[in-house]
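Structure record follows, encoded as structure tokens.
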Amino acid sequence: MNVLILGSGGREHTLAWKIAQSKNLNKLYIAPGNAGTSVVGENINISATDFDALKIKALELNINLIIVGPEDPLVKGIRDFFENDSEIKHIPVIGPDKHGAQLEGSKEFAKEFMARHNIPTAAYESFTHNTLTNGYAFLETLKAPYVLKADGLAAGKGVLIIDDLQEAKDALKKMLEGQFGEASNKVVIEEFLSGLEVSYFALSDGNNYKLFPEAKDYKRIGENDAGLNTGGMGAVSPVPFANERFTKKVIERIIEPTIQGLKKDGIHYQGFVFFGLIEVNMEPYVIEYNVRMGDPETEVVIPRIKSDLLDLLAAVPSQKLNEYPCEFNSETATTVMLVSGGYPENYEKGKLITGLNNVKESLLFHAGTLKKGNDIVTNGGRVIALTSIAENKAEALKKSYKSAETISFDGKNYRKDIGFDI
Ligand code: AMP
Ligand code: GLY
């Protein structure tokens with residue numbers, strides 16, 4: 001098969017690395033990719049949201065399968081674009097259509113979906129500028145802290161958690177006045193849930209699904225979960241508290257009802273589902289859905305999968321997922337993300353990265369990197385994920401941290417406490 005992966009992060013490098021190992025692969029392309037993906041496949045300099053250019057390239061390269069890494073192209077309707085064009089509708093896209101992608105693209109859509117299908121989640125109401133005073137009244141009925149979510153995509157920044165009632169009211173007003181542009185024309189206010197977070201992942205063919213290993217990511221920039229939110233500073237899989245008993249509840253109360261709910265709602269969902277959960281007294285609740293794999297969760301989930309991932313993905317369009325096994329190993333995978341100094345605020349790019357060839361004990365997944373002549377330089381906030389696999393978490397972390405020290409670039413920063421709290 002000729003496969004095209006869309007995206008340019010650590011997630012996409014990990015998917016490319018895994019698919020490159022498949023016996024069924026002929027050629028692998030990544031658009032736009034990064035310095036790491038160019039080693040396992042061929043980078044194509046097209047943005048993941050430039051559908052017209054992707055169409056021309058997919059035809060030219062005789063692509064048989066497109067795997068969408070990030071949410072943006074899905075929410076913008078890349079699947080619909082391919083399905084509705086007679087010249088390219090034979091090229092299957094792994095990822096939901098625009099309707100299904102609303103699970104991530106609209107918090108209100110996701111909450112209504114969960115309510116309709118009895119899937120446990122925090123109590124909520126949603127408000128627009130016209131119902132601002134109702135929003136204030138709703139906030140008064142809740143206990144602090146207050147959770148305010150921009151309805152639309154806001155690059156991971158659209159969720160505010162505020163301790164003070166008056167500040168929450170002011171924040172609601174600001175959001176509805178366009179703080180996050182169109183994304184916050186509508187705001188979901190929900191009950192605050194307290195507990196440990198864990199994410200589960202499934203691949204759905206619209207009828208059957210395969211469960212992947214679960215993972216926990218570390219979103220804040222600072223140790224002990226202090227400071228600003230990032231895309232993710234590290235991840236661990238498996239997650240000790242997400243034991244067999246807990247996972248059984250997750251499957252029965254959340255995953256199965258979600259897959260069934262999508263079918264009942266007439267959404268032909270062929271792609272990844274990311275269940276962002278929180279456990280409250282060992283009971284799982286959904287915090288969010290994403291319609292793609294997580295980053296950096298992919299960097300620990302995919303390396304634990306023993307089966308041929310391309311076999312599974314290729315079975316999705318014909319709804320034959322149930323004919324293939326999805327086995328994973330019981331070892332622990334950890335990843336530590338090296339980031340640019342200043343991230344998630346302003347940071348500089350173009351810093352020379354050295355020591356990459358000296359990393360022996362970890363898989364090295366590139367995120368924001370760029371090849372410049374013979375050099376590899378930084379090209380984003382999150383630069384490189386160092387994934388290690390070992391019998392237990394402590395051993396895996398030891399390797400990831402050793403590798404983290406081996407690599408150098410100006411401004412390098414990383415969290416030293418990944419995995420220590422679980
Ligand atoms: P989201 O973008 O919906 O995943 O929210 C971002 C982060 O905000 C989550 O990872 C949680 O840490 C936190 N969060 C979101 N909703 C809630 C909630 N209802 N209760 C507590 N924390 C929440
Ligand atoms: N690491 C969180 C996400 O991918 O959304």
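The values are calculated or read from the model by the stated rules, or taken from the named source; none is laboratory data. The model shown is predicted, which means the values in this text are computed figures rather than measured ones. So basically every Cβ, Gly included, is an ideal-geometry build from the backbone, and we count neighbours across all protein chains shown. For accessibility, only protein heavy atoms count, side chains too; no ligands or nucleic acids. Shrake-Rupley method; radii C 1.70, N 1.55, O 1.52, S 1.80 Å.
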Exercise. When you look at GLU345, is it open to solvent by 20 Å² or more (accessible area, probe 1.4 Å), among the charged types (D, E, K, R), closer than 21 Å to TYR218 by Cα and in a loop (DSSP other than H, G, I, E, B), yes or no?
Worked result: yes
Exercise. Considering only residues of region 223-278 that are closer than 22 Å to ALA396 by Cβ and surrounded by fewer than 16 Cβ atoms within 10 Å (Cβ to Cβ), which is farthest from ligand 2 (Cβ to nearest atom)?
Worked result: GLU244
Problem set entry | Hits in region 374-411 - residues which are of a type in the set (Lys, Arg) and open to solvent by 60 Å² or more (accessible area, probe 1.4 Å) | LYS398, LYS402
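Can you find even one residue in region 105-112 that is under 22 Å from the mean Cα position of the chain (by Cα), among the polar types (S, T, N, Q) and either open to solvent by less than 60 Å² (accessible area, probe 1.4 Å) or away from ligand 2 (no atom under 16 Å from the Cβ) (or both)? Working first, answer last.
Taking region 105-112 first, the residues under 22 Å from the mean Cα position of the chain (by Cα) are 105-112.
From the residues that got through so far, the ones that are among the polar types (S, T, N, Q) too are 106.
Checking which are either open to solvent by less than 60 Å² (accessible area, probe 1.4 Å) or away from ligand 2 (no atom under 16 Å from the Cβ) (or both) leaves us with 106.
Checked region 105-112: at least one residue is under 22 Å from the mean Cα position of the chain (by Cα), among the polar types (S, T, N, Q) and either open to solvent by less than 60 Å² (accessible area, probe 1.4 Å) or away from ligand 2 (no atom under 16 Å from the Cβ) (or both).
Of all residues in region 150-181, which are of a type in the set (D, E, K, R) and either away from ligand 1 (no atom under 12 Å from the Cβ) or without any contact (Cβ under 8 Å) to a residue 60 or more places away in the chain (or both)? Show your work before the answer.
Initial filter on region 150-181 (of a type in the set (D, E, K, R)): 151, 157, 163-164, 167, 169-170, 173-174, 177.
Hits for region 150-181 are ASP151, ASP163, ASP164, GLU167, LYS169, ASP170, LYS173, LYS174, GLU177.
Mind telling me which of the residues SER184, SER204 ends up being under 25 Å from PRO303 (Cα atoms), hydroxyl-bearing (Ser, Thr, Tyr), open to solvent by less than 20 Å² (accessible area, probe 1.4 Å) and touching a residue at least 24 places away in the same chain (Cβ under 8 Å)? Can you show your working first?
On the way: SER184 fails: under 25 Å from PRO303 (Cα atoms).
Being under 25 Å from PRO303 (Cα atoms), hydroxyl-bearing (Ser, Thr, Tyr), open to solvent by less than 20 Å² (accessible area, probe 1.4 Å) and touching a residue at least 24 places away in the same chain (Cβ under 8 Å) holds for just one of SER184, SER204, which is SER204.
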Problem set entry | From the options LYS371, LYS402, residue that is closer than 18 Å to ALA16 by Cα and of a type in the set (D, E, K, R) | LYS371
Seminar exercise, completed: Those residues of region 258-300 which are more than 16 Å from ligand 1 (Cβ to nearest atom), among the acidic types (Asp, Glu) and either within 21 Å of PRO92 (Cα to Cα) or part of a loop (DSSP other than H, G, I, E, B) (or both) amount to ASP265
Problem set entry | Breaking point among (1) open to solvent by less than 50 Å² (accessible area, probe 1.4 Å); (2) part of a strand (DSSP E or B); (3) out of contact with any Leu (no Cβ under 7 Å at 6 or more places or on another chain), for LYS371 | (1)
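Does ASP163 fit the bill of being over 19 Å from LYS111 (Cα atoms) and open to solvent by 60 Å² or more (accessible area, probe 1.4 Å)?
Numbers: over 19 Å from LYS111 (Cα atoms): yes; open to solvent by 60 Å² or more (accessible area, probe 1.4 Å): yes.
The answer is yes for ASP163.
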